[in-house]
Amino acid sequence: MSRRGRVVVAMSGGVDSSVSAALLVDQGYDVVGVAMRLWEDAESESGCCSLDDFLDARLVAEKLDIPFYVMDFREEFRATVVANFVREYRQGRTPNPCVRCNHSVKFASFWDRARELGAEWIATGHYARRRDGAAGAELWRGVDPDKDQSYFLFSMGREALARTIFPVGHMQKDEVRAEAERLGLPVASKPDSQEICFAPRGTHAAFVEAQSSALPIRPGVVVDQDGTEIGRHDGVHRFTIGQRRGLGISSDRPLYVTDIDPVGGVVRVGDAAAVGCAGLSASEAEWLGEPPPVGAAVRIKIRSRFEPQSAVITSIAGDRFQVASDRLKAVAPGQAAVVYDGERVLGGGWIESGVAARLADAGEVAV
Amino acid sequence: MIYLDYNATAPLLQPARDAMAAAQDEFGNASSAYAQGRRARAVLEGARRDLAEIAGVQPRDICFTSGGTESNNAALFGTIEPASAHEIVLAPHDHSSVVESARELERRGAKLRWLPVDAAGRVAAAAVAEAISESTRLVSVGWANNEIGTIQDCQAIAELCRDRGVAFHSDAVQGFGKVSMQLPDADLISITAHKLGGPKGIGALVRRRDVELRPLLFGGSQERGWRPGTENVVGAAGFAAAALAARDAGAWTDALRERLWRALEPIAGVERYSPAANCLPNTLLVGFAGLRGESVVAALDLEGVAVSVGSACAAGSGEPSHVLRALGYDDERARCAVRFSSGRATTADEIDRAGEIVATVVARMRAALEPAAAAGGAA
């Protein structure tokens with residue numbers, strides 16, 4: 001038995017998880033690689049969860065001389081991540097399946113299976129850091145600002161966090177690639193995957209439609225800020241708050257989606273000012289430790305490609321919270337709102353609504 | 001390491017290794033006219049004669065193939081003309097190389113009639129009689145099931161197929177050598193070398209009667225035109241030597257299987273899928289309630305015990321065993337399946353140690369999940 005205990009590494013066949021496994025071997029852990037089979041596209045040989053990816057992961061495991069297994073998580077993934085993805089889009093919201101997957105599959109089912117294999121630790125190739133503070137494990141941003149993935153991990157739970165290692169969280173991406181090169185890992189130059197694994201970029205609408213046979217999608221109308229119909233659309237699942245392209249409306253000024261009403265099938269559009277928000281309210285809050293007090297100055301991140309912005313916690317009640325910030329734009333319900341104290345993730349929740357700038361002062365927002 | 005996955009494959013036996021080493025020197029093409037060719041031919045035909053004698057068939061009945069999968073494909077694709085709506089009567093829990101060949105034929109126009117199987121994996125001869133219709137061209141029922149181990153009454157099925165004038169194919173890949181060295185009385189029989197301790201890459205389709213059979217491959221007259229391609233002389237030599245060694249080792253007994261079951265039986269939540277009678281003597285398929293087979297297999301591998309969730313041809317697919325589903329088990333229970341299959345070299349001591357390790361691993365796996373359950377699960 002190794003001096004640092006057994007760690008099960010989630011190996012996708014990508015460079016980050018491959019280097020993670022290699023670093024743990026170097027550090028003296030008893031490393032076991034597991035590839036998670038999440039989804040399958042019967043047609044595809046490449047892409048996420050494909051035979052090619054598993055083959056790459058297997059080659060890396062062989063190179064590192066560690067045991068490697070493919071394990072099936074398709075049922076959990078479909079029941080939680082995919083079902084949520086389809087349901088959210090159909091309700092006019094914008095889901096984040098990667099956060100849901102981390103919450104329901106990677107740091108839940110995967111952690112369970114790892115413990116069945118006698119693991120004391122699990123590890124992933126996420127760009128995030130765990131620090132063990134006086135009050136327990138803390139989640140910090142990865143040091144590479146372009147690659148930081150702490151946003152996707154806010155709801156992983158402190159119990160799982162305390163047992164998780166992020167071996168590349170303190171590295172820059174190019175350092176990770178250089179390490180892969182140095183170790184001769186066969187995936188050193190493999191391109192990054194930045195897509196939703198089961199619905200590659202540009203295909204989410206078709207995916208939602210294909211998964212919606214039981215409950216057909218209805219077309220609807222596009223209206224302006226006054227409610228005047230200015231176009232038609234093929235379903236609210238095609239839109240996200242702040243979206244500018246693909247509206248199917250010709251206009252002399254840029255138009256953005258400002259509201260989506262899934263019941264009436266109404267998509268409202270307006271100019272750039274109309275997507276500004278004075279804050280947001282979120283539900284299903286998860287805190288990695290004590291929630292911040294009302295009035296706390298924090299930073300908030302409202303989608304994956306968004307630099308955290310200054311905000312103030314204005315209410316915390318049960319699993320809901322609100323923040324005020326004058327720096328939020330295109331607050332999309334369904335996305336994760338993650339609360340940071342500097343570089344540290346305090347927790348977060350799921351956006352229910354933006355607080356419209358014009359209503360904020362009047363306090364007319366129902367939470 | 002304790003190897004208990006003999007139904008996946010077996011280590012190469014020394015006599016097979018020796019026979020192959022000797023055959024390697026005969027590099028000639030067995031179909032060539034000159035001396036080197038004749039010597040290679042002599043090795044090939046000697047292997048065919050030995051194998052035929054051991055299996056209780058005629059040498060001319062044996063058509064060497066690349067293995068069980070090819071033999072099963074050749075039997076189905078060779079007898080069925082898809083466009084003519086020929087019907088195949090078959091068992092849903094047979095090996096995927098039978099079942100998937102049949103499904104492909106169905107996509108091309110053939111009709112399939114699936115036989116009912118009971119919870120122990122048995123096919124009743126009466127059910128076969130009932131399933132055969134005017135358009136039935138082939139009945140295919142495996143001799144012994146690779147996952148659950150159930151042995152079918154092929155004699156009864158063979159007799160009724162003959163009465164009805166329908167060709168009968170039996171996949172005997174697992175049965176050959178474990179049920180008996182004497183092949184069942186089917187018209188077409190698939191066997192393979194590596195399950196017996198021979199080399200991988202060679203098997204045979206045995207054709208006992210003049211069943212009309214079209215080849216899968218074209219372009220040569222080797223194997224009487226049934227299976228063109230330069231003959232695998234080395235493989236054939238290894239196959240025959242392994243079969244001889246298997247015959248000389250004598251009949252199997254159920255002793256190790258039942259010894260293992262006695263060790264596993266006290267484990268909480270264990271379920272035995274393999275029947276106690278009419279079952280391969282080396283095969284024990286069990287499940288541990290609440291634990292996925294793939295996790296148990298991984299955990300045992302980490303402790304040096306090599307077992308399988310079922311057929312290696314389906315391993316890694318993550319699909320619950322099609323065998324157990326065909327037997328009426330729900331997905332949850334089918335996912336629990338873990339197959340232990342011993343070999344001639346397996347010792348009672350290995351079985352005892354494996355039993356202890358399984359008990360320890362299963363207990364540890366269950367304990368690992370308990371604190372989380374008490375705390376409401378990992379977030």
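The values are calculated or read from the model by the stated rules, or taken from the named source; none is laboratory data. This structure is a prediction, so every number in the text was calculated from the model and none was measured. Note: ideal-geometry Cβ built from the backbone for every residue, glycine included; neighbour counts use all protein chains shown. Accessible surface is based on the protein model in full, side chains and every heavy atom, while ligands, DNA and RNA are left aside. Shrake-Rupley method; radii C 1.70, N 1.55, O 1.52, S 1.80 Å.
For the criterion of being at positive phi and away from every other protein chain (no Cβ under 14 Å), B:Gly250 passes. Taking the criterion of being open to solvent by less than 20 Å² (accessible area, probe 1.4 Å) and touching a residue at least 24 places away in the same chain (Cβ under 8 Å), the residues of region B:9-47 that qualify are B:Ala10, B:Ala16, B:Ala23, B:Ala30, B:Ala40, B:Leu44, B:Gly46, B:Ala47.
A search for C-beta distances below 7 Å between a residue of region A:183-199 that is within 18 Å of A:Cys101 (Cα to Cα) and any residue that is of a type in the set (Gly, Ala, Ser), counting only pairs 6+ apart in sequence or on different chains, returns A:Ser193/A:Gly14. Spot the failing condition for B:Glu319; the list is (1) surrounded by fewer than 18 Cβ atoms within 10 Å (Cβ to Cβ); (2) part of a loop (DSSP other than H, G, I, E, B); (3) more than 12 Å from every other protein chain (Cβ to nearest Cβ), and only one is missed. The number of the failed condition is (3). Against the condition part of a loop (DSSP other than H, G, I, E, B), away from chain A (no Cβ under 13 Å) and surrounded by fewer than 18 Cβ atoms within 10 Å (Cβ to Cβ), how does B:Gly328 come out, does it pass? Criteria met by B:Gly328. Taken over region B:277-306, the criterion of being without any contact (Cβ under 8 Å) to a residue 24 or more places away in the chain and within 14 Å of another protein chain (Cβ to nearest Cβ) is satisfied by B:Ala298, B:Asp301, B:Leu302.
Considering only region A:206-216, I want to know if a residue exists there that is open to solvent by 50 Å² or more (accessible area, probe 1.4 Å), under 30 Å from A:Gly276 (Cβ atoms) and not assigned by TED's automatic domain parsing to the domain that holds A:Gln149. No.
For B:Ser274, are the conditions met, namely being open to solvent by less than 20 Å² (accessible area, probe 1.4 Å), within 18 Å of the chain's Cα centre (by Cα) and within 13 Å of chain A (Cβ to nearest Cβ)? So B:Ser274 fails the test. Applying the selection to region A:302-311, what residues are open to solvent by 10 Å² or more (accessible area, probe 1.4 Å) and either among the charged types (D, E, K, R) or not in a loop (DSSP other than H, G, I, E, B) (or both)? Matches in region A:302-311: A:Arg303, A:Arg305, A:Glu307, A:Gln309, A:Ser310.
Looking only at residues in region B:133-143 that are touching a strand residue (DSSP E or B) at 6+ places or on another chain (Cβ under 8 Å) and open to solvent by 10 Å² or more (accessible area, probe 1.4 Å), the one that is nearest to B:Met181 (Cα to Cα) is B:Trp143.
Scanning region B:201-223 for residues that are in a helix (DSSP H, G or I) and in contact with a strand residue (DSSP E or B) (Cβ under 7 Å, 6 or more places away or on another chain) yields one hit, B:Glu223.
Condition test on A:Gly136, is it more than 28 Å from A:Gly242 (Cα to Cα) and either more than 11 Å from chain B (Cβ to nearest Cβ) or within 17 Å of the chain's Cα centre (by Cα) (or both)? Judged against the criteria, A:Gly136 is a match.
Once region A:116-131 is narrowed to residues that are farther than 10 Å from B:Ala299 by Cα and either charged (D, E, K, R) or touching a Lys or Arg at 6+ places or on another chain (Cβ under 6 Å) (or both), the residue that is nearest to the other protein chains (Cβ to nearest Cβ) is A:Ala119. When you scan region A:276-290, how many residues do you find that are more than 14 Å from chain B (Cβ to nearest Cβ), buried (at least 17 other Cβ atoms within 10 Å of the Cβ) and either without any contact (Cβ under 8 Å) to a residue 12 or more places away in the chain or closer than 29 Å to A:His103 by Cα (or both)? Of the residues in that region, 6 qualify. Residue pairs whose Cβ atoms lie under 8 Å apart, sitting 6 or more positions apart in sequence or on different chains, and linking a residue in region A:170-182 that is in contact (Cβ under 8 Å) with a residue 40 or more places away in the chain to a partner that is small (Gly, Ala, Ser) and surrounded by 20 or more Cβ atoms within 10 Å (Cβ to Cβ), are A:His170/A:Gly142; A:Glu179/A:Ala22; A:Ala180/A:Ser18; A:Ala180/A:Ala22. Can A:Phe77 be described as farther than 20 Å from A:Trp287 by Cβ and either within 13 Å of another protein chain (Cβ to nearest Cβ) or in contact with a strand residue (DSSP E or B) (Cβ under 7 Å, 6 or more places away or on another chain) (or both)? Yes, satisfied.
Within region B:138-145, is there a residue that is more than 18 Å from B:Cys279 (Cβ to Cβ) and out of contact with any Leu (no Cβ under 6 Å at 6 or more places or on another chain)? Yes. Any residue at all in region A:158-170 that is more than 14 Å from every other protein chain (Cβ to nearest Cβ) and among the aromatic types (Phe, Trp, Tyr)? Checking region A:158-170: at least one residue is more than 14 Å from every other protein chain (Cβ to nearest Cβ) and among the aromatic types (Phe, Trp, Tyr). Of the helices (runs of 4 or more DSSP H) entirely within region A:71-179, those holding at least 2 residues that are more than 22 Å from A:Val338 (Cβ to Cβ) and open to solvent by 10 Å² or more (accessible area, probe 1.4 Å) occupy A:74-77, A:83-90, A:110-116.
Do we find a residue being β-branched (Val, Ile, Thr), modelled with pLDDT of 95 or more and closer than 27 Å to B:Val338 by Cβ anywhere in region B:82-101? Checked region B:82-101: at least one residue is β-branched (Val, Ile, Thr), modelled with pLDDT of 95 or more and closer than 27 Å to B:Val338 by Cβ.
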